[in-house]
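Down below is the structure, laid out as structure tokens.
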Amino acid sequence: MSFTLVSGGTVVSAVGRRLADVLIDGETIAAILEPGRAAALGVVPERTIDAAGKYVVPGGVDVHTHMALEVGGTVSSDDFESGTTAAAWGGVTTIVDFVTQTQGRDVRDTLAARHAEAAGECAIDYGFHQVLGGVDGAALEAMDHLVEHEGITSFKMFMAYPGVVYSDDGQILQAMQRASRSGAMVMMHAENGIAIDALVAQSLARGETDPMYHSLTRPPELEAEATYRAIQLSKVAGDVPLYIVHMSASEALEQVAAAQHAGLNVFAETCPQYLFLSLEEQLMQSGFEGSKWVCSTPLRSQHDHHQSDLWRGLRMNELAVVSTDHCPFCMKDQKELGMGDFSAIPNGIGGVEHRMELIYQGVVAGEITLERWVETCSTTPARMFGLDTKGVIEPGADADILVWDPNAKTKIGVNDKHHMNMDYSAYEGFEIDGAVDTVLSRGTVVVENNTFTGRKGHGKYIKRGLSTYLH
Ligand code: URP
Ligand code: ZN
Ligand code: ZN
């Protein structure tokens, strides 16, 4: 047996905190012990990690990332190696990325191709959701196979992007009906893409080409309308579990809260960009700068109350999860594709490295508790997506651990802390009152002393079970 002891820290879970030592046997947590108890039991660890004065929390679980995603004639700039390495730098020990199927393509072929891209490349563990971008009989059949045999228990659909990955209401309903038979989760990109496309065409015809029009042509009402419609369809499909991704607008959150109040299986996530960034402060920056923050759903106006409502939603569990929707692009040759036409700017923001840091700053600011940080960034995402051995520090769980130093500082920026493959940082200049200290992935130290000590290929594919959040 090869024991590692994380000693003297404050172990924080979703429900509380206590001074304790964490005993790791190989890749697994063996015991949570009173401080000093391991020695009394005669355990001689091969390695001791001193966590005195620090928080010991479950490694971050980011259930929404897009490594090497093809978008609008380019590919998101982190591949599985660089993206999972950056994730580790940020205290994340599991990601769930996406396999994309489009009209006429075989779902199983898309999965095989995505496995080939990721295998042997990842520094931390990973799973997949399946995007259904072309629902037909074969795709519906494939859903059951993925749930039963491939460890893919969640299916993302798009009410946006007509002609690309868009599904109409009939396709969505059929996929939901199928999912409700197997217990799978349907994840929804909830924006009314048909109406948005009309607004985009009208805006461009008026000569409005700057990045800020990306947000102005995707108003909160069209996020709320799609959210409402997705909820009604999920109800008709037998109250299939529905998870609304990247929620940005108060009006959409109201729909989720109402559905939850009515007892429906409706959940939602938000992302750091919607909690910290805005239309005025970022998207409206002069020239083409705003393109750095073009993503969908879009950044919202600071003159409304989206950010405060989202923080409240996180406190109230109307928003159960914080993910990043990490979809990075460089300015050079990528965001630049949309110069003179905001609708050609590749949609996405990179942030997989900074979610634990930014949401911890929400703890410092009094928006959420330390326990809620752990819950929304690790424990609930794991339970929500059937990652049974992740998201907790408990005997039998994978030894995925983040040692967090509340007395250190982090400065985010391309010349400061920045390991993603991007030529800018969406959070340039942000200062965090705390820092990633040490990160363990299945018992292996992957970050310590401000050094990445992991390796590509350490991360393995995790077959996920059904959501345990409902049980
Ligand atoms: O702008 C975004 N969110 N890009 C990634 C794809 C998606 O819709 O999640
Ligand atoms: Zn989306
Ligand atoms: Zn996404």
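Just a yes or no: is a residue in the stretch 84-97 more than 21 Å from the chain's Cα centre (by Cα) and modelled with pLDDT of 95 or more? No: the stretch 84-97 contains no residue that is more than 21 Å from the chain's Cα centre (by Cα) and modelled with pLDDT of 95 or more.
Of all the numbered requirements in (1) among the small types (G, A, S); (2) away from ligand 1 (no atom under 16 Å from the Cβ); (3) in contact with a strand residue (DSSP E or B) (Cβ under 6 Å, 6 or more places away or on another chain), S323 misses one, and that requirement is (2). Listed here are the strands (runs of 3 or more DSSP E) enclosed by the stretch 1-105 that have at least 2 residues being of a type in the set (V, I, T) and closer than 20 Å to G120 by Cα: 92-102. When V43 is tested against (1) within 25 Å of I24 (Cα to Cα); (2) within 16 Å of ligand 2 (Cβ to nearest atom), just one condition goes unmet, and that condition is (2).
Give the stretch 405-417 a look and list any residue that's within 28 Å of V75 (Cβ to Cβ) and either buried (at least 16 other Cβ atoms within 10 Å of the Cβ) or under 17 Å from the mean Cα position of the chain (by Cα) (or both), or say none. Across the stretch 405-417, the qualifying residues are I412, K417.
For the stretch 294-314, residues that are more than 12 Å from T270 (Cβ to Cβ) and away from ligand 1 (no atom under 16 Å from the Cβ) total 6. With respect to the conditions (1) touching a Lys or Arg at 6+ places or on another chain (Cβ under 6 Å); (2) closer than 22 Å to A268 by Cα, V92 lacks only one, and its number is (1). Every condition in (1) crowded, with 22+ Cβ neighbours inside 10 Å; (2) within 30 Å of G8 (Cα to Cα); (3) in contact with a strand residue (DSSP E or B) (Cβ under 9 Å, 6 or more places away or on another chain) holds for M420 except the one numbered (2).
Yes/no per residue for (1) crowded, with 16+ Cβ neighbours inside 10 Å; (2) assigned to a loop (DSSP other than H, G, I, E, B); (3) under 17 Å from the mean Cα position of the chain (by Cα):
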site: R383; (1), (2), (3): yes, no, yes
site: V403; (1), (2), (3): yes, no, no
site: V436; (1), (2), (3): yes, no, no
site: G454; (1), (2), (3): yes, yes, no
site: H458; (1), (2), (3): yes, yes, no
site: K463; (1), (2), (3): no, yes, no
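With respect to being closer than 17 Å to A435 by Cα, touching a residue at least 24 places away in the same chain (Cβ under 8 Å), out of contact with any Asp or Glu (no Cβ under 6 Å at 6 or more places or on another chain) and hydrophobic (A, V, I, L, M, F, W, C), L358 fits the description.
Taken together, the residues in the stretch 54-78 that are more than 16 Å from ligand 2 (Cβ to nearest atom), farther than 22 Å from T444 by Cα and modelled with pLDDT of 95 or more amount to 5. Considering only residues that are within 23 Å of D433 (Cα to Cα), more than 29 Å from the chain's Cα centre (by Cα) and hydrophobic (A, V, I, L, M, F, W, C), which ones fall in the stretch 21-57? Scanning the stretch 21-57 gives a single hit, A52. Tallying residues that are within 16 Å of the chain's Cα centre (by Cα), of a type outside the set (S, T, Y) and closer than 19 Å to G193 by Cα within the stretch 243-278 yields 4. If you go through the stretch 168-221 and pick out every residue that is in a helix (DSSP H, G or I) and either aromatic (F, W, Y) or under 30 Å from H303 (Cα atoms) (or both), you end up with 20.
The stretch 222-332 holds helices (runs of 4 or more DSSP H) entirely within its bounds, and those carrying 1 or more residues that are more than 16 Å from ligand 2 (Cβ to nearest atom) and small (G, A, S) map to 250-261, 306-316. Residue pairs whose Cβ atoms lie under 9 Å apart, separated by 6 or more positions or on different chains, with the first residue in the stretch 291-306 and closer than 25 Å to E336 by Cβ and free of Cβ contacts under 8 Å to residues at least 60 places away in the same chain and the second outside any loop (DSSP other than H, G, I, E, B) and within 13 Å of ligand 3 (Cβ to nearest atom), are C295/Q273; C295/I349.
Going through (1) small (G, A, S); (2) more than 16 Å from ligand 3 (Cβ to nearest atom); (3) within 15 Å of the chain's Cα centre (by Cα); (4) not in a helix (DSSP H, G or I) one by one, G340 falls short only on (3). In the set (1) aliphatic (A, V, I, L, M); (2) buried (at least 18 other Cβ atoms within 10 Å of the Cβ); (3) away from ligand 3 (no atom under 16 Å from the Cβ), V44 fails one condition alone, (2).
The values are calculated or read from the model by the stated rules, or taken from the named source; none is laboratory data. Everything numeric here is computed off the predicted structure, so don't read it as measured data. Cβ atoms come from the backbone with ideal geometry, glycine included; neighbour counts cover every protein chain shown.
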